[in-house]
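The values are calculated or read from the model by the stated rules, or taken from the named source; none is laboratory data. Keep in mind that this is a model prediction, so the values were computed, not measured. Using ideal geometry, Cβ is built from the backbone for each residue, glycine included, and neighbour counts are taken over all protein chains shown. Note: areas computed on protein heavy atoms with side chains; ligands, DNA, RNA excluded. Shrake-Rupley method; radii C 1.70, N 1.55, O 1.52, S 1.80 Å.
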Amino acid sequence: VPELPEVEIARRNLQRWTQDRTVTGVEALDPARSPVAPGALEGRRVLAWERRGKLLIGRLEGVTLFSHLGMTGKWVRDPAGRRFLRLRVALSGGLEVGVLDARRLGRTWLVPGRGDDDPAVARLGPDPLADGVHGTGGLGGLDGELLRARLAGGRGAVKTLLLDQGRIAGLGNICAVEACFRAGLHPHTPAAELGAEDLERLARGLREHIARTLEIEDGDEIAYVTQGGHNPFLVYGREGAPCPRCAAAIARETLAGRPTFTCPRCQPPRSP
Ligand SMILES: [Zn+2]
């Protein structure tokens, strides 16, 4: 499942491939998931690609193309002949890009203008990479103070609140599991019990996880671990394997229907 780092890599690729090119053709092969009328896009120049959380935001002259990758979606170049091709966009200079989506849970759609009031973007909290400017900032704004402000008043486990896209946009299950391990915090700890030092460690864990994932997954195409790719994570998907820090067996639990992986020794649950 694409989370902030994977979507950021997709944004950088789209920016590199398509910026300043003009759309010359569009083929919506799955109109239910990609309601993009060719006439509304053709002839327009691509200005930039931004990102807010897991949402890709293509700025073209006069219109905005939103793209959510769902569970398995990916943008690729030269998509001709690829399986699960849902949308094809041809650009000046002979370049083509397209959306592949086996599970059909992603969505790509076009709105006039900037689309800032589109529900898909209006409901999102701040993006930890963005630093106020979508998709261009560094990770510096992701600190304990931001977590304190965005998790304030939240009831429930810290992991659940981290996944709430209205609080912070872009974090997913893998981000939360890996950051909690790096911070030595059990993901099921009630957020209200976290002190300033816990939040600093958690913020550092998130920064380290995002920075490392951006580095190791960089490439023209996202390889999802759940589709059999190599597992680059410290504890995610490693039930029973030795903890990289203390060698205890990694445990797997479920919270709100999603798997949580922890080291029972490095991340002991807090006693009340
Ligand atoms: Zn451990």
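For region 23-74, what are the residues that are of a type in the set (Val, Ile, Thr) and open to solvent by 40 Å² or more (accessible area, probe 1.4 Å)?
THR24
If you go through region 50-73 one residue at a time, how many are at pLDDT 95 or above, of a type outside the set (Ser, Thr, Tyr) and assigned to a strand (DSSP E or B)?
Matching residues across region 50-73 total 10.
Of all residues in region 259-272, which are more than 7 Å from the ligand (Cβ to nearest atom) and either crowded, with 17+ Cβ neighbours inside 10 Å or β-branched (Val, Ile, Thr) (or both)? Steps first, please.
Initial filter on region 259-272 (more than 7 Å from the ligand (Cβ to nearest atom)): 259-262, 264, 267-272.
Answer for region 259-272, where residues must be more than 7 Å from the ligand (Cβ to nearest atom) and either crowded, with 17+ Cβ neighbours inside 10 Å or β-branched (Val, Ile, Thr) (or both): THR260, PHE261, THR262, GLN267.
Under 8 Å by Cβ, and 6 or more places apart or on different chains, what pairs join a residue from region 248-272 that is among the aromatic types (Phe, Trp, Tyr) with one that is within 11 Å of the ligand (Cβ to nearest atom) and part of a strand (DSSP E or B)?
Sorted first by the residue in region 248-272, then by its partner, the pairs are PHE261/ALA251.
Restricting region 230-239 to residues that are more than 11 Å from the ligand (Cβ to nearest atom) and touching a residue at least 12 places away in the same chain (Cβ under 8 Å), which is most open to solvent (accessible area, probe 1.4 Å)?
Across region 230-239, the extreme among qualifying residues is GLU239.
Filter region 147-173 for residues that are in contact (Cβ under 8 Å) with a residue 40 or more places away in the chain, assigned to a helix (DSSP H, G or I) and open to solvent by 20 Å² or more (accessible area, probe 1.4 Å) and give the result.
Matches in region 147-173: ARG148, THR160.
Got at least one residue in region 208-227 being in a loop (DSSP other than H, G, I, E, B), within 16 Å of the ligand (Cβ to nearest atom), open to solvent by 20 Å² or more (accessible area, probe 1.4 Å) and among the hydrophobic types (A, V, I, L, M, F, W, C)?
No: region 208-227 contains no residue that is in a loop (DSSP other than H, G, I, E, B), within 16 Å of the ligand (Cβ to nearest atom), open to solvent by 20 Å² or more (accessible area, probe 1.4 Å) and among the hydrophobic types (A, V, I, L, M, F, W, C).
Go through region 248-258 residue by residue and tally those that are part of a strand (DSSP E or B), under 15 Å from LEU185 (Cα atoms) and within 14 Å of the ligand (Cβ to nearest atom).
Selection size over region 248-258: 1.
Take the conditions in contact with an Asp or Glu (Cβ under 6 Å, 6 or more places away or on another chain), closer than 30 Å to GLN15 by Cβ and within 16 Å of the ligand (Cβ to nearest atom) and apply them to ARG182. Does it pass?
yes
Residue pairs, Cβ under 6 Å, 6 or more apart or interchain, first in region 17-28 and polar (S, T, N, Q), second open to solvent by 30 Å² or more (accessible area, probe 1.4 Å). List them.
Qualifying pairs under 6 Å: THR22/ARG45; THR22/SER92; THR24/SER92.
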